[in-house]
Every structure is written in structure tokens, then in C-alpha cells.
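Once you've had a glance at the structure underneath, I'll fire off some questions.
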Amino acid sequence: MKKYLFLYLLLSSVCAFADDGSRLWLKYDLLADVQQRDTYLKSTQFVAANSSHPTIKVAVQELEMGLKGLLGKAPVLVQTATKSGGIILNVAPNSPSTLPQDGFELFSEKGNIVISSKSEAGVLYGAFELLRYLQTGKSLTNLSVKSSPKIKLRMLNHWDNANGTVERGYAGSSMWKWTELPFRIDPRYITYARANASLGINATSINNVNASSRFLTEEYLEKIKAVADVLRPYGIKVFISVNFRSPRTLGGLKTSDPLDPEVRKWWNEKTKEIHRYIPDFGGYLVKANSEGEPGPQDYGRTHADGANMLAEAMRPFSGIVIWRAFVYNADPKGDRFKEGYAQFKPLDGIFDPKVIVQVKNGPIDFMPREPFHPMFGAFPKTTLGMEFQITQEYLGQSTHLTYLAPMFKECLDTDTYVKGKGTTVAKIVDGSAENHPLSLMAGVANTGSDANWCGHPFNQSNWYAFGRLAWDYTLSSEQIATEWTRMTLTQKPQSVQKITDIMLNSHPIYVSYTYPLGTSHMMGEGHHYGPEPWLTKAARPDWTSIYYHRADSIGLGFDRTGKVSNALQLYSPEVQQLWGNAEKCPLDYLLWFHHVPWTQKLSTGRSLWDELCHRYYDGVGQVGKLQSAWESVKSDVDKETFEDVKGRLKIQEKEALWWRDACVLYFGEFSKLPIPKPLVPPTRTLDDVKKLTEIYHLR
Ligand code: BDP
């Protein structure tokens with residue numbers, strides 16, 4: 001008997017140590033600090049709720065599971081609180097509180113912790129907040145928290161296909177098991193729902209924006225209904241990405257012209273049908289007339305004609321239409337930077353109130369650093385939603401450690417000046433600057449079938465950061481990193497600090513060895529992995545690299561101040577002033593707007609060429625520092641996770657060198673200048689590096 005007990009203990013300790021990351025930041029492992037546990041136990045002895053709504057049931061379940069795990073003892077469930085020392089969940093729809101529907105209050109009252117909200121979802125968010133307090137070691141005495149979301153629709157966009165692949169997915173195949181649905185519900189859907197609810201994410205569009213009409217068939221609607229049923233108690237609404245040609249492909253009509261009465265009827269009927277499966281259907285997400293996708297322009301109509309037709313179909317219901325602004329033409333003489341703005345500007349004011357136009361954070365395409373999209377602030381009569389990319393298409397995919405909160409925040413915190421100083425992008429997006437009742441922040445999801453959901457263990461932090469910022473964009477990148485680290489990797493203060501630093505440094509480091517000084521779009525063709533600055537020919541001119549960097553014997557960068565393109569004029573005069581003068585433009589944005597001579601002296605005291613080389617070299621050096629910093633936390637993090645990250649950091653170093661050598665050798669052909677001392681020139685030739693890139697194109 002004793003022998004078995006010993007074996008059991010040994011095995012369970014080994015298992016407890018090996019962490020496959022599947023529990024995300026909701027680990028709920030026993031807190032190591034016994035004293036702290038005892039203190040927490042005193043105020044979490046029971047849970048009482050004034051509602052048996054399914055959302056409250058999952059809130060209670062979560063508290064039970066969380067407290068049992070963290071403190072070693074589950075709370076007792078009681079009907080009403082007759083004594084102190086417990087948690088009271090209070091749904092108060094008629095509360096005089098000024099907090100919006102989803103907001104919650106978390107406060108101490110008569111020796112209890114009260115979580116109160118006008119909505120069930122708000123109480124659920126409050127329950128997760130309370131658990132986060134425990135997970136991050138915060139005090140529960142004299143609680144007085146008021147929290148409400150700054151953005152109404154906090155949404156993930158999955159680019160998942162019906163065949164199980166994921167467009168730009170780097171964490172295995174799709175997490176949605178379409179072949180199994182609706183009969184088998186993968187338990188991971190529940191973990192997914194919990195993870196989102198823990199951040200306040202309240203919407204998800206489940207399929208790729210390059211959409212298949214298949215998702216609108218009866219067969220798929222049954223499957224989507226099954227997913228919607230799982231997500232509903234967690235306050236998450238389901239959206240579907242639709243193919244604009246569906247009336248033809250699915251409905252057998254001759255056209256998909258949005259002004260055709262038969263087409264309109266078809267969408268009306270389809271929308272009603274969807275609601276029979278999913279009564280609280282969130283709505284449609286549409287990519288139209290973009291990268292070959294069909295759309296209203298195929299029939300000489302506008303984006304507004306298309307979006308408004310769908311909005312009309314949605315009229316009897318609460319759902320909305322999200323119409324993407326990611327459109328561009330391949331005009332070799334034009335500037336892709338201006339396309340979305342140009343196509344949508346004449347439509348400002350004619351979109352139906354049920355339409356949100358979803359705009360990528362930057363004007364090109366999720367580059368590691370972009371100036372904010374000039375549409376933000378320039379469309380006062382249209383609700384503009386923000387689209388960030390959580391999946392790291394251009395940001396190291398699954399092999400580079402890149403924490404994205406600073407990048408998201410850089411965009412949100414930038415001042416558009418459209419309504420005077422302080423009109424940040426965030427204030428356009430949250431609707432406050434222009435009084436829009438709807439607001440949206442969407443993130444292209446990075447989830448997949450990998451055990452740890454996101455591929456690189458640190459990529460989970462980008463899902464986490466996106467959700468936290470969609471709830472409250474004023475949170476600092478540091479706070480979010482620290483929280484996530486404590487919940488996910490370690491509670492040891494010194495290591496928490498070191499990992500937070502690793503995370504905060506990671507995006508600038510990535511930018512340094514890939515796209516310093518405001519360069520962009522120099523990645524491998526198609527797969528978007530690794531460098532290919534020499535890419536000269538592609539299906540479209542604006543899919544090459546030379547279109548963007550414009551290197552020549554004189555210098556580097558895309559003049560958008562008037563000589564090549566006048567794109568800078570799309571911004572307010574203050575922004576133009578900030579970025580329009582090459583001498584004063586912040587270096588991080590310099591080559592986005594200026595063609596700078598190689599020998600031009602920059603504010604750092606170095607010439608453009610020298611600065612460029614220094615940044616590439618420094619980026620690589622910094623990856624070495626990330627490695628030693630990670631090594632120093634070894635004893636405080638799970639072994640499996642430690643080795644996983646360690647291995648990926650080695651790949652990152654190798655690939656940072658690949659980027660560095662590719663770019664300095666290639667640009668050196670134009671500048672004709674040597675690598676500045678004391679930097680040591682690459683030991684390989686440009687041809688050697690080109691060969692590495694060619695391998696990626698082999699069939
Ligand atoms: C680009 C991706 C492409 C997406 C497109 C989009 O390379 O796969 O379909 O964005 O956002 O970044 O529609």
C-alpha cells in the first residue's frame with residue numbers, strides 16, 4: 001500500500017510540474033504562500049448568488065474551481081449569506097449605479113466580498129477579477145473596485161477554414177472541429193470560453209474573412225449553433241464571416257448585386273434562418289473587394305451599398321454588420337497607404353447605423369510598426385472599429401518572442417489631434433470623440449490545436465494583452481505583462497520582474513533586427529517568414545519589397561510628403577507637422593514618410609547607413625540578452641515551458657542574424673558603404689543569404 005502511495009505522490013508531483021500550457025492563465029495551482037492562503041480563505045468561505053442564470057452558474061463554478069485550486073479548499077455554496085467571510089454575487093438590473101451593463105463593482109461589505117453588476121456577464125467578469133486578485137497576490141481587504149469596459153464589442157476574429165486549416169495560424173490546425181460538430185463538443189471550447197470571459201472578450205467570429213459560403217449552409221449553421229450554445233453562458237456572441245457571392249454560390253441566383261431585390265430577399269431569408277439556430281446571433285463580418293474576394297464593386301456598387309443591404313437584413317434583430325476597410329488596388333504608381341481612405345472617404349455618413357467599418361491599426365498590413373491608419377479621426381460620421389492582429393504573421397510567427405501590448409498601445413495612444421490635443425486613436429475607437437453608440441476592438445486570433453493553444457508559450461500573452469486592452473486600453477503594458485506572468489509562469493517576484501522586462505523589451509528588439517527606422521514589408525513572399533528585401537516581382541507591385549523600401553543609390557525610404565506620394569496629407573496638420581519634417585520625425589517612423597540619403601546625419605549623430613547597421617546588429621545582440629535573462633529564471637518556471645522557450649530563443653537568434661545579414665548586405669549594394677566599425681561585417685555573402693530564403697520557396 002505504502003509503495004503505491006509513494007508512487008502516486010511521485011507521479012502527481014511530476015505531473016504537476018510538467019505544464020503543457022493548456023490551462024493558459026487560468027492555472028489555479030495551489031498558492032505557495034501558506035499565510036497568504038489562510039488570509040484569502042477567511043474571506044472566501046462561501047459563495048451566495050441571487051440568480052440561477054446560466055452565466056451566474058458558470059461564475060459560481062469558476063469560483064469553486066479557482067478557489068479550490070488556489071487555496072486548497074472550495075467555498076461552500078449557500079442560498080443567501082447569513083454570515084460574513086464569503087462572496088456574494090449580485091445581479092442588479094435596476095441598480096442606480098452609473099456603470100454600464102457589463103461593468104461591475106467589487107467591494108467589501110459587512111465582512112463579505114460583493115460582486116455586483118447590472119448584467120450576469122458583468123458579475124462573471126467580476127468573478128474573474130476576484131480570482132485574478134488571488135492569482136496575482138493582491139489584498140482582499142477593503143475592496144472598492146469599479147470596472148467597466150471602454151469598448152462595447154471586444155472580439156476575436158478567427159481566420160479558420162472549414163477544412164481545419166487556419167490562415168496565418170501558427171499553432172497547429174483549427175481549434176474548431178467542424179467534422180465533429182454538432183455531435184461532439186470538444187472540452188477545449190469551454191476552456192476557450194473561460195479564457196475569453198476572464199478578459200471580458202464578448203464576441204467571436206468563427207471563420208476566415210476569406211470566407212467560404214459553406215458556413216451559411218444548414219449543415220454548418222447546426223455546427224455553429226452548437227458552438228454558440230457553449231459560448232453563450234460565458235457572455236460571448238458568435239459572428240460569421242460571409243462570402244459576398246453567397247446568393248449565387250449557395251442561393252443559385254444569377255447575381256449578388258446588393259441592389260437586386262432577389263439578392264436582398266435572399267439575405268433577409270438567410271439572416272432569419274440563422275436566427276432560428278442562434279437567436280442572439282452577433283452578426284456578419286465581411287471582407288469584400290479585397291485581395292480577390294467578391295464584393296459590391298463587382299456590380300458597380302459601393303461598400304456602403306453592400307454593408308447597408310446586410311444591415312437591412314439584420315434590422316429585425318440585435319445583430320450588426322462589420323465591414324472591413326482592408327482594400328487596396330495594385331496601382332504601380334499609386335500608394336497603397338491611401339487606398340482604404342480613398343475608397344471609403346466618400347461613404348462617410350451613408351453607412352447604416354448598424355454598420356461598423358473595421359480598420360486595421362495601420363494603413364498597410366499589420367507591419368511590426370506602422371503609423372496609425374489615417375482613417376482614424378477622418379470619418380466622424382462612421383463607427384470605426386479597430387482590427388489588431390494577435391497572430392504574429394509579420395512578428396515572428398511562433399518562433400520569436402514578441403509581446404505585443406506595447407505595439408497595440410502605441411497605436412491606441414497616438415494623438416490624431418482631429419478634435420484638439422488628446423483625441424487619441426483610442427478615443428476614436430471607443431466612440432467617445434465622435435459620440436458613436438457602438439464601438440469595436442477586434443483581434444485576429446492566434447489560437448490553434450496545439451496543446452498550449454498559441455504555439456510559442458509567450459504568444460498566449462498576446463491573446464491575454466489584447467483582451468485586457470479591449471476592456472481597458474489605459475492599462476499599462478507592464479501591468480499586463482506582470483499579471484500574465486504571475487498567472488502563467490511564476491509567482492517568484494524576482495523572476496516575475498525579469499520576465500516582465502523580457503516581454504517589454506521584446507517588441508523593440510524584434511523591430512530592430514527586422515524593420516528598423518520605419519522600414520516595412522520586406523518579408524518572404526507568400527509565407528511572410530524571414531527576410532526578402534530584394535523581392536522585385538510579385539503578382540502585384542504592392543506585394544514586392546522594393547515598392548516599400550525604395551532603396552536607391554541616394555538613400556532609403558518612401559517619400560510620402562509629396563514627392564512620391566502625398567499620403568501624409570491624410571493626417572491632421574499637427575500630425576503632418578510631427579512626421580513631415582525629416583529632421584524632426586521620430587526615427588521609428590522616419591522611413592515611412594521620407595526618402596533619406598544614406599549619408600544624412602540623424603538625431604543620434606550617426607548617418608542613416610550607420611544607424612541602420614547599428615540597429616540591425618543591436619537587435620541581434622539583444623536576442624542574446626533575452627536568452628541569458630531567460631536562463632536566469634530557470635529555477636522558477638516549469639521545466640517543460642523553460643526548455644520550450646529556450647529552444648525557440650535559439651531559433652530566434654539564428655533568424656535575427658538571417659534578417660540582419662540579408663538587410664545590411666542587400667542595402668549595402670545601394671549605399672556602397674562599409675559596415676561601420678566596430679561592427680564586424682557578416683561572414684556570408686548576399687548570395688548565401690538569398691539561398692536561405694530560396695529554400696522557403698522550394699516545392
Ligand atoms: C493579410 C494576410 C492575408 C489576409 C489579409 C486580410 O496575409 O492572409 O487574408 O491580411 O486581412 O495580412 O484579409
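Within region 516-538, how many residues turn out to be on the phi < 0 side of the Ramachandran plot, over 20 Å from the mean Cα position of the chain (by Cα) and touching a residue at least 12 places away in the same chain (Cβ under 8 Å)?
Number of matching residues: 12.
A further question on this structure: Would you mind listing the helices (runs of 4 or more DSSP H) fully within region 448-516 where at least 3 residues are open to solvent by 10 Å² or more (accessible area, probe 1.4 Å) and under 30 Å from Y189 (Cα atoms)?
Because the criterion is at least 3 residues that are open to solvent by 10 Å² or more (accessible area, probe 1.4 Å) and under 30 Å from Y189 (Cα atoms), the helices (runs of 4 or more DSSP H) in region 448-516 that meet it are 477-488.
In addition: Got a sec? Which strands (runs of 3 or more DSSP E) wholly within region 66-116 have at least 3 residues that are within 18 Å of R132 (Cβ to Cβ) and of a type outside the set (A, V, I, L, M)?
104-109
Is there any pair linking a residue in region 310-332 that is over 15 Å from F351 (Cβ atoms) to one that is basic (K, R), with Cβ under 6 Å and at least six apart or on different chains, and which?
Matching pairs, first to second residue: F326/K360; Y328/R336; A330/R540.
Among the residues that make up region 328-351, is at least one of them within 16 Å of the ligand (Cβ to nearest atom) and surrounded by fewer than 18 Cβ atoms within 10 Å (Cβ to Cβ)?
yes
Just need a number here: residues in region 81-124 that are among the aliphatic types (A, V, I, L, M), within 28 Å of the chain's Cα centre (by Cα) and at pLDDT below 95.
1
Okay, next question. If I filter region 404-412 for residues that are in contact with a strand residue (DSSP E or B) (Cβ under 7 Å, 6 or more places away or on another chain), on the phi < 0 side of the Ramachandran plot and more than 16 Å from the ligand (Cβ to nearest atom), do I get at least one hit?
For region 404-412, residues in contact with a strand residue (DSSP E or B) (Cβ under 7 Å, 6 or more places away or on another chain), on the phi < 0 side of the Ramachandran plot and more than 16 Å from the ligand (Cβ to nearest atom): present.
A follow-up question, please. Give the residues of region 595-615 that are free of Cβ contacts under 8 Å to residues at least 60 places away in the same chain and under 32 Å from the mean Cα position of the chain (by Cα), sorted by residue number.
Result: H595, single match.
Consider region 566-581. How many of its residues are without any contact (Cβ under 8 Å) to a residue 40 or more places away in the chain and touching a strand residue (DSSP E or B) at 6+ places or on another chain (Cβ under 6 Å)?
Result for region 566-581: 0.
Of the residues D588, D542, only one is at pLDDT below 95, within 27 Å of the chain's Cα centre (by Cα) and not basic (K, R); which?
Result: D542 is the single residue among D588, D542 that is at pLDDT below 95, within 27 Å of the chain's Cα centre (by Cα) and not basic (K, R).
On to the next question. Is it true that L412 is touching a Ser or Thr at 6+ places or on another chain (Cβ under 8 Å) and either under 26 Å from W579 (Cα atoms) or surrounded by 24 or more Cβ atoms within 10 Å (Cβ to Cβ) (or both)?
So L412 fits the description; yes.
May I ask you to list the residues in region 158-200 that are of a type in the set (V, I, T), in contact (Cβ under 8 Å) with a residue 24 or more places away in the chain and more than 16 Å from the ligand (Cβ to nearest atom)?
I185, I190, T191
Quick check: anything in region 239-249 away from the ligand (no atom under 16 Å from the Cβ), outside the structural domain of I56 (by TED's automatic domain parsing), of a type in the set (F, W, Y) and over 20 Å from the mean Cα position of the chain (by Cα)?
no
Still on this structure, please answer the following. Which of the residues spanning region 294-319 are more than 29 Å from R232 (Cβ to Cβ), assigned to a helix (DSSP H, G or I) and open to solvent by 10 Å² or more (accessible area, probe 1.4 Å)?
Q297, D298, Y299, D305
Identify all residues within region 25-52 that are in a loop (DSSP other than H, G, I, E, B) and out of contact with any strand residue (DSSP E or B) (no Cβ under 7 Å at 6 or more places or on another chain); write none if there are none.
W25, L26, K27, Y28, D29, L30, L31, A32, D33, S52
Another one. Of the residues that make up region 426-435, is at least one buried (at least 24 other Cβ atoms within 10 Å of the Cβ) and under 28 Å from V166 (Cα atoms)?
Yes, because at least one residue in region 426-435 is buried (at least 24 other Cβ atoms within 10 Å of the Cβ) and under 28 Å from V166 (Cα atoms).
Just to check your reading of the model, which residue among D644, D618, D636 is open to solvent by 60 Å² or more (accessible area, probe 1.4 Å) and touching a residue at least 60 places away in the same chain (Cβ under 8 Å)?
Testing whether each residue is open to solvent by 60 Å² or more (accessible area, probe 1.4 Å) and touching a residue at least 60 places away in the same chain (Cβ under 8 Å) leaves just D618.
List pairs: first in region 371-400 and under 19 Å from N157 (Cβ atoms) and open to solvent by less than 10 Å² (accessible area, probe 1.4 Å), second away from the ligand (no atom under 16 Å from the Cβ) and of a type in the set (K, R), Cβ under 9 Å, 6+ apart or cross-chain?
M375/K345
Going through region 271-293 one residue at a time, which ones are open to solvent by 30 Å² or more (accessible area, probe 1.4 Å) and outside any loop (DSSP other than H, G, I, E, B)?
Scanning region 271-293 gives K272, E273, R276, Y277.
The values are calculated or read from the model by the stated rules, or taken from the named source; none is laboratory data. All values reported here derive from a predicted model rather than from experimental measurement. Heads up, the Cβs are rebuilt from the backbone with ideal geometry, glycines too, and the neighbour counts pull from every protein chain shown. Note: areas computed on protein heavy atoms with side chains; ligands, DNA, RNA excluded. Shrake-Rupley method; radii C 1.70, N 1.55, O 1.52, S 1.80 Å.
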